[in-house]
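In what follows, a structure is listed as structure tokens, so that the remarks can point back to it.
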Amino acid sequence: RRGRTPAGTGGWLPSKEFLAPEELDDANRRIDEAAGAAGRDPSRTNRVYNLVGDRSTTQRVDLLTSWSVEHGMNGYIFSGPVDESALRPIIEKVAPAVREAVAKEHRR
């Protein structure tokens, strides 16, 4: 049933198609409460956002950095056709840039 987090769950995987970015904070609060009620440390919950759609490298870096820093997301899945030409920019440019930007924000 949607909205329930089992006691043994180590992660949460919402899809952007069904949970908009502006809903992440409220959903994260509920995940934290459920984890706490189950005796788990909420900070150990992986929060992975499933994304659909094509964006430029710069747009992806900006969005993923924002969702990571502002909403606590710590992983992303890109849905859609998979081919090397689509993955290469994510692997070589987006992921390193997001990691660097998030680390910089956390050092502040």
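Computed quantities for the displayed model
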| quantity | calculated |
| --- | --- |
| Potential lengthening between Arg55 and Asp26 on full extension [0.36 nm per residue; Cα-Cα distance subtracted] | 7.9 nm |
| Choice from Val82, Val94, Val52 with maximal GNM fluctuation in the chain (Cα, 10 Å cutoff) | Val82 |
| Structure-based [θ]222 nm, the chain - -39500 (n - 2.57) summed over DSSP H runs of at least 4, per residue, nearest 500 | -14000 deg cm²/dmol |
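Throughout, read-outs are computed from the coordinates displayed, never taken from laboratory work. Everything numeric in this text was worked out from a predicted model, so none of it was measured.
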